[in-house]
Amino acid sequence: MLRGTVEDASTGSDSDYSNSWIAWFLSSKGNEYFCEVEEDYILDRFNLTGLNTEVQNYSHALDLITDNLEDDFQDEMRGSLDIQARLLYGLIHARWIVTARGLQKMLEKYKKADFGRCPRVMCQSQPLLPVGLTDTAYEKSVKLYCGRCEDIYSPKSSRHGSIDGAYFGTSFPHLLFLVYPNLIPPKSGPVEIARPLGGANGGAGEDATAKRRLRAREDVMEPSTSEGVGEGVSTAAAALRADRYRPRIFGFQVNEIAKLQRWQEALRDRQVARLEGQERQQENT
Ligand SMILES: [Zn+2]
């Protein structure tokens with residue numbers, strides 16, 4: 001038998017490759033972020049250059065995802081081969097979705113909001129795009145990028161939260177907006193303005209430069225600009241703590257966005273200085 005049933009490593013349920021391995025993979029629960037990589041792309045070995053060093057049992061894994069695995073391939077090996085096949089498909093997927101055809105496929109999914117929507121009220125349910133924080137497998141799980149607030153979020157479901165970010169890569173959403181500039185969400189509209197400060201600001205008055213030095217650099221940037229008021233954390237400190245995600249295409253910071261971010265940061269620094277001034281005034285009264 002060419003395609004048997006195999007124990008699904010993540011869900012423990014039986015799944016069968018009745019049509020093709022890729023069709024089975026795409027229809028499996030938790031794999032909704034992936035799009036179909038066209039067979040022509042996979043069969044062109046040029047596109048797979050270097051992947052043989054990243055995937056164990058590469059040629060068998062490739063045979064499995066292209067439905068060319070020999071009939072008599074031992075069943076007991078299938079389980080581990082399946083893990084390698086998923087890794088191989090993921091790595092091919094990352095290369096595929098930055099090609100013209102791949103971008104188109106992901107665009108269809110984006111339009112259906114298959115990757116969820118931005119949780120920020122101001123972003124008005126802006127659809128998200130998957131992004132990796134690194135292009136190396138087994139390092140960081142996938143994040144979701146909002147083109148409107150330019151921030152990243154973790155997927156809500158743990159099934160999606162455990163997907164390897166390298167299967168989407170660091171460039172994909174930014175390349176999509178570069179190729180389809182008409183899809184870039186408007187940045188204008190209501191702007192988040194810091195709320196007037198309440199009376200209870202226990203953390204106010206601390207040395208601002210010390211706060212700046214203590215600022216934590218976290219891997220996942222949670223939007224935290226307006227949080228912390230009334231919880232003993234000063235607004236200025238909260239604003240400083242918010243680290244920013246920097247869009248990159250093939251490792252290079254996106255130029256236009258880089259300029260915009262410099263401007264936004266200057267604006268933020270001015271706002272922080274104003275808040276610190278206000279906090280100091282409150283201390284003195
Ligand atoms: Zn957003």
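Among the residues of the range 99-122, what is the count of those that are in a helix (DSSP H, G or I) and within 13 Å of the ligand (Cβ to nearest atom)? Before the answer, list the steps.
So the first thing to find is which residues in the range 99-122 are in a helix (DSSP H, G or I), and the list is 100-111, 121-122.
Filter once more, keeping what is within 13 Å of the ligand (Cβ to nearest atom): 121-122.
The number of residues fulfilling the criteria is 2.
For L87, the conditions (1) surrounded by fewer than 17 Cβ atoms within 10 Å (Cβ to Cβ); (2) in contact with a strand residue (DSSP E or B) (Cβ under 9 Å, 6 or more places away or on another chain); (3) of a type outside the set (K, R) all hold with the exception of (1). Any idea which residue in the range 128-138 is surrounded by the fewest Cβ atoms within 10 Å (Cβ to Cβ), counting only those that are outside any loop (DSSP other than H, G, I, E, B) and more than 10 Å from the ligand (Cβ to nearest atom)? Looking at the filtered set, the residue picked out is V131. Residues considered: S125, S59, S80. Of these, the only one that is among the small types (G, A, S) and within 16 Å of the ligand (Cβ to nearest atom) is S125.
Name the helices (runs of 4 or more DSSP H) wholly within the range 14-93 that hold at least 1 residues that are acidic (D, E) and not assigned by the TED database to the domain that holds P130?
On the way: elements: 21-27, 39-43, 58-65.
So the answer is 39-43, 58-65.
A210 passes every criterion in (1) at pLDDT 50 or above; (2) away from the ligand (no atom under 16 Å from the Cβ); (3) not in a loop (DSSP other than H, G, I, E, B) apart from (1).
Restricting the first member to the range 134-157 and to residues that are at negative phi, and the second to residues that are among the β-branched types (V, I, T) and near the ligand (Cβ under 10 Å from one of its atoms), the beta-carbon pairs closer than 9 Å and six or more apart or on different chains are K143/I152; L144/I152; Y145/I152; C146/I152.
The values are calculated or read from the model by the stated rules, or taken from the named source; none is laboratory data. Predicted model only: the values in this text are computed from it and were never measured. Positions of Cβ are backbone-derived with ideal geometry, glycine not excepted, and every protein chain shown enters the neighbour counts.
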